[in-house]
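Quick note: the coordinates plus some simple rules give every number you see, no bench work behind them. The model shown is predicted, which means the values in this text are computed figures rather than measured ones. Heads up, the Cβs are rebuilt from the backbone with ideal geometry, glycines too, and the neighbour counts pull from every protein chain shown.
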Amino acid sequence: MNDEAKAPGRRDLVAEYKLILAGVLDSRPSGTRQHLAQALGKHRSFVSQISNPAYATPIPADHLSTIFTVCHFSTAEKNAFLDLYRHAHPRRQLPTGTGHRTRTISVTLPDLDDEELNLKIDHLVADFVRTLAHMAHTLVLPQEQEETR
């Protein structure tokens, strides 16, 4: 038996970690996929793609912390997922876990009676919030830390 037949290929490993994500999403309350899409600043179809084992497209490493937080992975689920992820992508640098916690707020916007325009506005608001959060972390938080010393 050759080595290829013994060890699962990258595509198989990607499918396996996607199966874990799909299982977690399926066991969570309705709306979790939409909440994850919003937290990632993506369309809901992106969540469907990254959780579907039939698609070989890997999950970007910078999305993992958000996925684990929003989907409330158990320790066992997270460890199994990361083990497969590391084997599938041995050269990728995984998040160190020092990422900032997030919280969700709700914003009410008018319905513009145009799905495409509504989506553009949603993305503008999400981009604005990401920019604002980045500015807060780089400008405001370091100053507050200096003041407390």
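One table, with the values for the structure above:
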| item | result |
| --- | --- |
| Estimated FRET transfer efficiency (Arg130, Ser45; beta-carbon r; R0 25 Å; 0.05) | 0.80 |
| Segment 46-85 and segment 118-136: distance between their alpha carbon centers, rounded to Å | 23 Å |
| Chain lengthening between Gln38 and Ala61 when straightened (0.36 nm per residue, less Cα-Cα) | 6.6 nm |
| Gyration tensor verdict on segment 1-87 (Cα atoms; rounded if a/c is under 1.5, prolate if a/b is larger than b/c, oblate otherwise) | prolate |
| Ranked by how many other beta carbons lie within 10 Å on average, peptides 53-60, 14-21 from highest | 14-21, 53-60 |
| Two-site FRET efficiency, Asp83 against Asp111, from Cβ-Cβ distance with R₀ of 41 Å, rounded to 0.05 | 0.40 |
